[in-house]
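Following: one structure in structure tokens, then a few remarks.
Computed from the coordinates by the stated procedures, all read-outs in this text should not be read as laboratory data. Note that this is a predicted model, so its numbers are computed, not measured. Don't worry about glycine lacking a Cβ; one is built from the backbone with ideal geometry, like all the others, and counts go over all protein chains shown.
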Number of protein chains: 2
Amino acid sequence: MNEPPLGFLLVDAARLYRARIDSAFEQSGVGLTAGEARTLAYVNLYPAHRQSALAVKMNVEPMTLVGFLDRLEALGLVARETDPADRRAKIVRLTAAAAPDLERITAAAAAARQEALAGFSDEEQAAFRSLLARVRANLARCKEAP
Amino acid sequence: MNEPPLGFLLVDAARLYRARIDSAFEQSGVGLTAGEARTLAYVNLYPAHRQSALAVKMNVEPMTLVGFLDRLEALGLVARETDPADRRAKIVRLTAAAAPDLERITAAAAAARQEALAGFSDEEQAAFRSLLARVRANLARCKEAP
DNA sequence: CCGATATTATATGGTTAGCTTATTATATGG
DNA sequence: CCATATAATAAGCTAACCATATAATATCGG
């Protein structure tokens with residue numbers, strides 16, 4: 001019996017993962033969607049970056065990021081400060097209020113990850129991570145051709 | 001330097017993959033989105049199944065499948081036949097017209113896969129596929145708990 | 001046989017996460 | 001100092017999902 005092609009596995013797995021994350025966040029009382037939480041985590045990971053730089057890190061169009069940041073800012077979890085070196089640009093920072101949410105996000109994400117990787121040895125987890133990172137890099141690179 | 005967590009890699013990779021597939025389909029003249037093409041490929045993979053069975057295979061809600069099939073049927077690529085054993089149910093089949101499109105879809109998907117897996121050895125490809133299938137199975141299973 | 005319950009597909013309507021294109025404000029190079 | 005580039009954003013679109021409700025049909029208990 002033929003199996004679904006690899007691309008479908010990837011898209012399916014990602015959709016299920018996102019759904020799992022969404023439900024984990026809903027349960028844990030953090031009022032954030034997967035995309036918002038992802039953005040918050042990236043701001044934490046790359047602090048004091050400009051929006052455009054953050055968008056590059058996230059492999060997302062700047063306009064997509066604007067929406068996420070709008071909501072996070074409205075919730076008081078991030079702040080946009082005008083870059084003193086360039087008044088067009090904005091520097092994105094976490095606020096103090098973000099810390100507890102970030103912690104719950106991290107916990108929920110860890111739970112989801114644990115379920116996704118159930119039955120994986122440490123080596124398998126590392127291998128999966130590394131292969132996935134290479135796939136992502138391949139696809140991100142081939143996006144800059146047109 | 002910290003790296004983005006695994007879940008984000010997965011979601012990012014899938015988004016980039018879907019975008020890549022969409023552009024490949026657009027270029028190749030097949031007027032299908034990634035979701036529609038995925039559905040068509042699943043119909044090919046699991047022929048003469050009921051919609052509900054197909055939805056299970058695709059890990060999608062029945063209502064999501066309805067939309068995809070509506071469009072594929074309007075394009076004349078699939079047909080819905082009433083199941084003689086149960087007049088509520090419909091059996092989904094490919095039409096003869098689907099063959100060329102299916103071929104172009106397969107080719108476009110293969111091209112995207114090749115880009116995603118650039119630099120992978122055969123062993124790495126197989127490993128990635130197998131790990132991904134396990135992740136998908138884990139997540140699909142843990143979806144039936146609530 | 002009959003009524004209650006379950007199942008199959010679907011209509012309706014909403015959400016999330018993206019995108020493109022155009023606009024505004026500010027920088028910067030000639 | 002003007003032309004062009006860049007940073008964020010506004011506006012509006014699409015795809016891909018989901019949940020809830022409904023109509024038709026099956027099925028099971030009595």
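Which of the lysines could a cross-linker span from A:LYS143 if the Cα-Cα distance has to be under 19 Å and same-chain partners fewer than 8 positions apart are dropped? Cα-Cα hits under 19 Å: A:LYS57.
Hydrophobic, long helices, defined as DSSP H runs whose alpha-carbon span along the helix axis is 24 Å or greater and whose mean Kyte-Doolittle value is at least -0.5, occur in chain B at B:6-27, B:98-116, B:122-141.
Take each residue in B:123-135, count the other chain C-beta atoms within 10 Å of its C-beta, and the mean is 6. Given the options A:ASP83, A:ASP22, A:ASP12, which has the most mean-square fluctuation in a GNM of chain A, springs set between C-alpha atoms less than 10 angstrom apart? Greatest mean-square fluctuation among the candidates belongs to A:ASP12. The average projected area of the stretch B:97-146, computed from the convex hull of its Cα atoms over all directions, is 5.3 nm². Inter-copy label distances for B:ASP83: 5.9 nm (label point placed 7 Å from Cα along Cα→Cβ; shortest first). Distances, shortest first, from the label point of A:PRO100 to those at the same position in the other copies read 6.3 nm; the point lies 7 Å along Cα to C-beta.
All distinct Cα pairs of chain A go into the 1/r average, and the inverse of that average, the Kirkwood radius, is 17.0 Å. Label points for A:ALA140 are taken 7 Å from Cα along Cα→Cβ. From this copy to the others they lie 3.0 nm apart, shortest first. Summarising the rotation from chain B to chain A, the nearest chain B beta-carbon to the axis and its distance in Å are given as B:ALA14, 1. The modelled label-to-label distance for the pair A:ALA133/B:ALA118, using points 7 Å beyond Cα in the direction of Cβ, is 1.9 nm. Within the listed set B:VAL56, B:VAL11, B:VAL43, the Gaussian network model of chain B (springs between alpha-carbon atoms below 10 Å) gives the highest mean-square fluctuation for B:VAL11.
The loop-placed chymotrypsin sites (Phe, Trp or Tyr not before Pro) in the stretch A:12-102, going by DSSP, include none that has at most 13 neighbouring Cβ atoms within 10 Å of its Cβ. Comparing A:VAL66, A:VAL135, A:VAL30 in a Gaussian network model of chain A where C-alpha atoms under 10 Å apart are linked, the largest mean-square fluctuation is found at A:VAL135.
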